[in-house]
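Down below is the structure, laid out as structure tokens.
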Amino acid sequence: MMRAWHLGRLAGIDVRIHWTFLLVPLWVYFSSLAAGSGIASAALSVLFVLTIFACVLCHEYGHALMARYFGIPTRDITLLPIGGVASLQRMPRRPGQELAIALAGPAVNVGIAAVIFAGIVFLNPASGAVALFATQLAIVNVALVVFNMLPAFPMDGGRVLRSLLAMWMPYASATRIAATIGQITAMGFGLLGLITGNWILVLVAGFIFLAARGEAMMASKAAPSHELPFEQDSSSEVKARLMNHRGSYVPPRRSQPIVIMPIRFYNRNRSQHSA
Ligand SMILES: [Zn+2]
């Protein structure tokens, strides 16, 4: 990942931040001010967005630690303005493993939302501002789960779909179908973005569309003679499936990104409440 700064190392994984990420707090701060919020309210919006990115980081660690469980190291996790990417060093070899790794990220957000909701119910915070902040954070975590579970590459839902399909059809066909559904979903996002004038949604749609096309191209480019990936303890069934069809392309490394909801969503939400 170009122009990403090293933030630190946690659980043996380097955490990086792309320079464009700095635009996020600046943009949130100044657009809050422009929307008529005071300095304190704008600063709270920035804190809120940074807290969301902390949740995104936890989401990526969900993928990375589940991958480690299957013996797959993660090179690094990079935070970008549109979300985060965990760069796994290789693809999981079994659909079941890909399924578990893809689900582990959203599962973290489900956990965070559950803990926050439980905290609100049982602790009943006296301060309305704290309760509002926590409630909104929990809602954003739920939104992250819903959005990322849409069946579109490179989002988690796309990988879930591909792994489920790959359980009963060749990997390349599963990828093609999942990638096509991803592109259709991306076009839907793009259209929605154009209609509502939300250019960030259009940008995210373009990103998803290209990523889905990339996955489809990788799947179709794979040569029949492509080397069977290393399989430590492959069941003969999986091995047979990988060898049977032409197109068991396995990319050298795998990105496990999370695409957050367009930031304008939070911003609008925040300014609504701070107004
Ligand atoms: Zn994810």
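Take the residues in region 12-48 that are among the β-branched types (V, I, T) and surrounded by fewer than 17 Cβ atoms within 10 Å (Cβ to Cβ); name whichever of them is farthest from the ligand (Cβ to nearest atom). Once the filter is applied, the top-ranked residue is I39. When L80 is tested against (1) aliphatic (A, V, I, L, M); (2) at pLDDT below 85; (3) within 14 Å of the chain's Cα centre (by Cα); (4) more than 24 Å from T185 (Cβ to Cβ), exactly one condition is not met: (4).
A single member of R253, R159, R270, R264 is under 23 Å from Q97 (Cα atoms) and at pLDDT below 50, and it is R253. Within region 92-110, if we keep just the residues that are out of contact with any helix residue (DSSP H, G or I) (no Cβ under 6 Å at 6 or more places or on another chain) and more than 15 Å from D156 (Cβ to Cβ), the residue that is nearest to the ligand (Cβ to nearest atom) turns out to be G96.
Hey, could you check region 153-183 for residues that are assigned to a helix (DSSP H, G or I) and in contact with a Gly (Cβ under 6 Å, 6 or more places away or on another chain) and say which is farthest from the ligand (Cβ to nearest atom)? So the residue we want is A172.
Residues that are of a type in the set (F, W, Y) and within 16 Å of the chain's Cα centre (by Cα) do occur in region 5-25.
One line per residue, one yes/no per condition, for (1) under 22 Å from P151 (Cβ atoms); (2) surrounded by fewer than 19 Cβ atoms within 10 Å (Cβ to Cβ):
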position: L50; (1), (2): no, yes
position: F53; (1), (2): no, no
position: R68; (1), (2): no, yes
position: P73; (1), (2): no, yes
position: P81; (1), (2): no, yes
position: A104; (1), (2): yes, no
position: G128; (1), (2): no, yes
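Each residue in region 91-117 was checked for being over 16 Å from E60 (Cβ atoms) and of a type in the set (V, I, T), and 2 of them qualify.
The values are calculated or read from the model by the stated rules, or taken from the named source; none is laboratory data. Because the structure is a prediction, the values reported are computed rather than measured. Heads up, the Cβs are rebuilt from the backbone with ideal geometry, glycines too, and the neighbour counts pull from every protein chain shown.
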